[in-house]
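Okay, so here's the structure we're looking at.
Where a number appears in this text, it was derived from the coordinates with a stated rule and is not lab data. Everything numeric in this text was worked out from a predicted model, so none of it was measured.
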Amino acid sequence: MINAPRGSEPLVIRAALPAEAEAVAALMVRARSTYYPDGMPDADADWPARWREAIERPVGRVLCAVRDDRLIGVASFRTPEGAPAETVKLFQFHVDPGHWRGGVGTALHAACLEQWRADGRRTAVLEVHAGNRRAQAFYAARGWTPAPDVPPDPDGHHLVLHRTVAAE
């Protein structure tokens, strides 16, 4: 947990529940819409169903950040298909734009690291949208660097970052 502003409940990081899939999907759309100026890819997808599937998947995890009974952050991760068991991929990481720069992302990222360490992961990877400078700065400040063994995406839409998962 992190310190909350006076009058607010503390921030709680916990596993997402299947019943929260619609709220998770809405949060993701709000966050992703900020860095896709021409419209979010797969805008017509059934995002609540996709999130429900991710939440119910027996491998991987979906963590959420909740304050005042409101979902304000979400992270989804698992070992990618074909990757070594000690590798984890952060597939989705979103904070509601109305809560940016308030410590929610930092607390959610710390909870991910804690879980990865508990699960015996050694390396984490993620893809970040090439135009999302805010997210790139966030990850860089938390030890993520360009993956040396992954060439740049030929379409230029994503950057692959990696991070060693070790006790700090």
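Comparing P97, P146, P84, which has the greatest mean-square fluctuation in the GNM of the chain with Cα pairs linked when under 10 Å apart?
Its mean-square fluctuation being the largest, the pick is P84.
Evaluate the chain: find the radius of gyration of its Cα atoms, find its Kirkwood radius, and give the ratio Rg to Rh.
Values: Rg = 15.5 Å, Rh = 16.5 Å.
Answer for the chain: 0.94.
Quick one: plug the Kirkwood hydrodynamic radius of the stretch 43-90 (C-alpha pairs) into Stokes-Einstein at 10 °C, 1.306 mPa s, and report D in µm²/s.
Translational diffusion coefficient: 129 µm²/s.
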